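Report on the following structure.
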Amino acid sequence: MAERGEASTEEIRILEMNEEEQGMLRNLAAAEGANKAEILKKIQEYAAEKVEAWKRQKVYVGIVGDPGAGKSTFINSIRGLSPTDDGAAEVGLTHTTTTTTVYPHPERPDNLIFVDFPGVLLKKGTEEERDFDIQQYLAKFKGKMQQCHVFLVFSSGRIQHNAVQIGMKAREMGKKVLFVRSKFDSDLPNMRKDKPQYFKDKTEADLMEELCQDYIKVLKEVGWKGEVNPRDVFIISGHLDYVLKGSWDIPKFRKAMIGNLSALQKMVVISTCRDFSKATIKERGDIYREYVWAVAMAATAGTFVPFAGAASIPGALAIAYNQYRAGFGLKDDAVEQLAKMTSKSPEELKTFLYTKVLSRAKLGRGDEALIDIQAICGSLGLTSAIVVDQVVDLVFPAIGAVFTAPLAYSITVKVLRELISRLEKCASELFDYAFEESEV
């Protein structure tokens with residue numbers, strides 16, 4: 001470690017920046033009369049804004065499909081609700097409607113909203129279906145459709161021409177359109193009962209692939225224009241346990257649903273929608289890693305003033321810790337929900353998490369975030385008392401500039417990266433343990 005006032009030979013390269021952020025840096029560097037002090041100040045201000053900006057983002061997910069296709073069940077499950085919970089969509093109904101229905105996520109109702117679109121038009125003043133006219137449909141719903149960031153077309157088998165037309169118009173608006181065949185939890189036992197010989201030489205994966213190809217064929221038969229990428233077709237069950245556990249195509253669906261969103265919008269979804277699937281752990285971690293440089297820069301901004309102190313750093317680390325734990329499904333309320341899906345009790349899962357995974361001797365002793373952060377600092381050979389007059393070189397590859405920064409920044413980056421990696425491992429081990437003797 002460097003002596004007081006000396007620069008560390010270690011360079012911290014900010015590799016997590018996305019293209020937008022790198023463009024921002026290049027614009028700062030190209031500004032007339034810009035100097036390093038001004039650029040660094042702007043970067044600090046940007047980082048502080050970025051850390052909180054995702055909480056002001058909105059994500060709208062549009063959903064259309066046949067009556068009885070499992071839309072309502074999915075809308076409940078992706079929001080972590082069972083049919084009897086407050087705010088749940090009514091399930092098992094096949095009546096039609098002429099209006100959109102909005103379903104905010106209960107955890108962040110202002111940030112993540114699912115919009116259920118009607119698949120038909122009705123004669124005025126009646127519940128009698130009339131001939132579907134896409135232009136009349138757009139006259140009523142174009143504004144709502146344009147508001148959505150991604151569009152889901154649902155089916156449980158055959159698909160209506162109406163839903164296909166609506167999906168094509170969403171695509172023309174520049175929306176990512178995904179196709180969801182729900183109720184695979186019924187398809188699978190039905191196939192085993194009706195055609196038991198099928199599984200003599202074929203698997204669940206084979207059946208899913210056949211259903212996917214059949215879906216694509218039907219889409220074209222009912223009027224879908226253009227190619228359908230098989231990676232945009234998902235075979236799932238919309239029931240809560242299957243969605244939370246990540247059964248069948250759910251992990252791929254989750255990744256596709258956020259694929260075209262901005263980095264901030266992705267943060268909204270992964271920090272809001274509960275997910276107990278091992279298959280998406282790494283992707284969630286990677287999204288958090290994109291923010292490490294900004295969290296560290298914002299947390300240590302005060303320490304860029306010599307001897308200003310580092311009082312804000314523990315608080316910033318604790319906030320990040322709690323956000324990461326929630327995103328990986330490791331908070332107590334999530335563990336309790338996980339237990340309901342398995343043969344394990346909540347107490348058994350919490351004991352496993354705290355004593356075996358997080359390596360705490362006892363439960364409920366002191367501040368959880370502080371205990372775990374101190375343990376990480378110790379394992380990395382870092383002092384928990386951050387000395388602000390030691391420095392490190394920061395390299396911004398987008399502009400080729402080197403800035404002198406306090407060592408506190410370097411330490412905070414290392415702790416955050418290690419924290420994400422450890423919580424990824426915690427989630428993986430906890431989910432393995434929870435589901436080892438359970439079948440959803």
Distance between modelled label sites at GLU52 and LYS195, nm, 7 Å Cα→Cβ extension: 5.8
Backbone HN-Hα couplings from phi across the range 183-189 [Karplus 6.51/-1.76/1.60, Hz, Gly and Pro as x]: 6, 5, 5, 8, 4, 5, x
Distance (nanometres) between label positions extended 7 Å along Cα→Cβ at GLU227 and SER82: 4.5
Simple label model, 7 Å out from Cα along Cβ direction - GLN374 to ARG158, nm: 6.7
Among beta bridges that DSSP assigns inside the range 58-261, antiparallel share in %, nearest 5: 20
Over 20 Å [Cα-Cα, the range 58-261], rounded percent: 57
Amide H contacts under 5 Å for PHE114, placed H, 5+ residues apart: VAL61, TYR103, HIS105
Which listed pairs, of LYS278/LYS425; LYS142/LYS255; LYS176/LYS252, have C-alpha distances above 19 Å, in listed order: LYS142/LYS255
Dipole in debye (nearest 20) - the range 58-261, about Cα centre, beta carbon charges: Lys, Arg +1; Asp, Glu -1: 560
Extreme residue, positive dipole direction of the range 58-261, given options ILE75, LEU112, ILE236 (C-beta unit charges): LEU112
Relative packing of peptides 111-119, 42-50, 284-292, 197-205 - highest average C-beta neighbours within 10 Å first: 111-119, 284-292, 42-50, 197-205
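Just so you know, all these numbers are worked out from the coordinates, no wet-lab data involved. What you see is a predicted model, and the numbers here were worked out from it, not measured in a lab. Don't worry about glycine lacking a Cβ; one is built from the backbone with ideal geometry, like all the others, and counts go over all protein chains shown.
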